[in-house]
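Taking it in order: structure first as structure tokens, then the write-up.
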């Protein structure tokens, strides 16, 4: 039986979808913001069935909120401008100067906003430092992914193309006829 060398390259659509979903999951900050909103409002999200049999999200309150509705919304919006799909893909230098300067600037801005607005937002004086520290813990850890471009580099393994060379026996039928007509003729 004659052996023919063939080259196969490409990837399945399912792999691309899975890779894209995996990448989006990695850069999606909405769970972080949702957890922050939950911590500030002392609320928990649960799924319940309504009177019509539809499933809806309902928030259950546990204890006293650490800020009023406007405060929670404003704090979460501000954090969302810092933590988003673009900032996680930033390329901050590996010696951490840019990173440290950025985190220091964020700490100053968050602190100024919360201290200035604490009474408008019904934030108790005893909660101010804890709220600021909690926010900065999230920011600092999340943004370490942007150091030395490591976040974007980690994507490359998800989207690598592969080429496979295999030896396959010559096929009969239509391919044999095509070989005789100059279409895909074998080189000797």
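So, of the residues in segment 100-129 that are closer than 16 Å to residue 37 by Cβ and within 28 Å of the chain's Cα centre (by Cα), which turns out to be surrounded by the most Cβ atoms within 10 Å (Cβ to Cβ)?
Per the stated criteria, the residue is 114.
I'd like the full set of residues that are exposed (fewer than 10 other Cβ atoms within 10 Å of the Cβ) and either modelled with pLDDT under 85 or touching a helix residue (DSSP H, G or I) at 6+ places or on another chain (Cβ under 8 Å) (or both), limited to segment 32-67.
63
The values are calculated or read from the model by the stated rules, or taken from the named source; none is laboratory data. Treat the numbers as computed from the prediction; the structure is a model and nothing was measured. Cβ sites come from the backbone with ideal geometry, for glycine too, and all protein chains shown count toward neighbours.
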